[in-house]
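Take a look at the structure below.
The values are calculated or read from the model by the stated rules, or taken from the named source; none is laboratory data. This is a predicted model, so every value here is computed, not measured. No Cβ is skipped: glycine too gets one built from the backbone with ideal geometry, and neighbour counts run over all protein chains shown. Side chains included, ligands, DNA and RNA excluded: accessible areas come from the protein's heavy atoms. Shrake-Rupley method; radii C 1.70, N 1.55, O 1.52, S 1.80 Å.
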Amino acid sequence: MTEDDPIASGSLPVAARSPAKCILFGEHAVVRGGPELVAAIDLHTQVGVARGPSTHLNGDPDASRTNAYLREALARHWEGGESLAIRSTSRIPKASGLGSSAAFTASLLAALGSARGGVGRADLAARAYQTERGAQGVGSPGDTSAVVAGGYISINAEGSEALWSVAGEDTAWTVRRVSDPGWIWVVAYSGIPRSTAEAVRAVGRRLAEPDGPKLLERFRQVALEGIGAVTREDRDRTGALLTENQALLREVGVSHPRLEALIDAAIPTSLGAKLTGAGAGGSIVALPRPGRELETARRIASAGGLPFVVRVEPRGVRIVESR
Ligand code: MEV
């Protein structure tokens, strides 16, 4: 998806639908400008926005104060606007590392952008990043760009023409399209919610230690090789690199015994597996051996995870008919 596919101008009521995301390589290092590979996956959040007598989210009148994503989005992109009845429904488990906040933010901003004359995808990606960053205080535009673009995207890696760039205070990120090899993935939630901000800060402290630069360089190499392997449709190499990336994530302290148990359960029927997202809880992603997707999901469920067999969702956030 490119600027040729903007969010069109519309009027209230309006609804938008966003995919979830799954980070395949490079989480945490991306916050410091490292390369990353992220895919939009076919779990969705839908946000409907209508005029209302007072602003509320799913009936909660305090949400525009207590929900940091809603608060930031309204302050930045609904200045002086009328009060809104907002309804959000989602299949993405919350605080699971699968992009529930990015999908909510992108859907809400797409709906608001449509109601205010439409918005291009590069602008929407920048708005979604700034809103998420404002709410979380830390982070990269990887999650928000993936759900705005759909499909597979790389961050800060060479390749096809850039879709867009996003600038932070002292880091810049360039987003590119990566071709879809058509694989089926299994993601699974550990049931342990986690805070992205806390995990990012803990990794920041770990990377400030003397071996930090060497570790970051290893993250960089694994992610670049991973992007190359997916582009070449080399499934075996991709799987091996997922497992290498997990060793690095373990080393910077964001794995968890529950995540390790789910990964161990997935490995016998998979080519590789790792945590996905901020870690310290949250979810794992496995690349199953072809034809063994359901077996992988069953094994993970027996180990206590909540598995989803997913395909990559080629469409980024979009306006939908249903309210
Ligand atoms: C969280 O989904 C991914 C992190 O790299 C943070 C970020 O990129 O914002 C841990």
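Worth a mention:
- Yes/no for ARG76 being under 22 Å from the mean Cα position of the chain (by Cα), open to solvent by 50 Å² or more (accessible area, probe 1.4 Å) and farther than 30 Å from VAL222 by Cα: yes
- Qualifying residue in the range 202-220 (condition: farther than 24 Å from VAL147 by Cβ, in contact (Cβ under 8 Å) with a residue 60 or more places away in the chain and open to solvent by less than 10 Å² (accessible area, probe 1.4 Å)): no
- Scanning the range 171-191 for residues that are outside any strand (DSSP E or B), more than 17 Å from the chain's Cα centre (by Cα) and within 15 Å of the ligand (Cβ to nearest atom) yields a total of 1.
- Residue count for the range 251-310 satisfying the condition of being open to solvent by less than 40 Å² (accessible area, probe 1.4 Å), over 30 Å from GLY204 (Cα atoms) and assigned to a loop (DSSP other than H, G, I, E, B): 1.
- Whichever residue in the range 85-106 is open to solvent by less than 10 Å² (accessible area, probe 1.4 Å) and without any contact (Cβ under 8 Å) to a residue 40 or more places away in the chain and, among such residues, is nearest to the chain's Cα centre (by Cα): THR105
- Among residues of the range 248-265 that are within 13 Å of GLY277 (Cα to Cα) and within 15 Å of the ligand (Cβ to nearest atom), those with a beta-carbon under 6 Å from a residue that is assigned to a helix (DSSP H, G or I) and hydrophobic (A, V, I, L, M, F, W, C) at least six positions away or on a different chain give the pairs VAL254/ALA199; SER255/LEU249.
- Test: ALA68 is surrounded by fewer than 19 Cβ atoms within 10 Å (Cβ to Cβ), at pLDDT 95 or above and within 16 Å of the ligand (Cβ to nearest atom): yes
- Residues of the range 25-64 that turn out to be in a loop (DSSP other than H, G, I, E, B) and under 19 Å from SER255 (Cβ atoms), as a count: 4
- Within the range 311-323, being modelled with pLDDT of 95 or more and either closer than 25 Å to ASP123 by Cα or assigned to a strand (DSSP E or B) (or both) holds for VAL312, GLU313, PRO314, ARG315, GLY316, VAL317, ARG318, ILE319, VAL320.
- Within the option set GLU244, GLU233, being assigned to a helix (DSSP H, G or I) and either polar (S, T, N, Q) or at pLDDT 95 or above (or both) holds for one residue only, GLU244.
- Subset of the range 129-151 (residues that are surrounded by 23 or more Cβ atoms within 10 Å (Cβ to Cβ), within 16 Å of the ligand (Cβ to nearest atom), touching a residue at least 40 places away in the same chain (Cβ under 8 Å) and not aliphatic (A, V, I, L, M)): THR131, GLU132, SER140, GLY142, ASP143, THR144, SER145
- Of the set (1) open to solvent by 60 Å² or more (accessible area, probe 1.4 Å); (2) under 20 Å from SER101 (Cβ atoms); (3) not hydrophobic (A, V, I, L, M, F, W, C), all apply to SER11 but (2).
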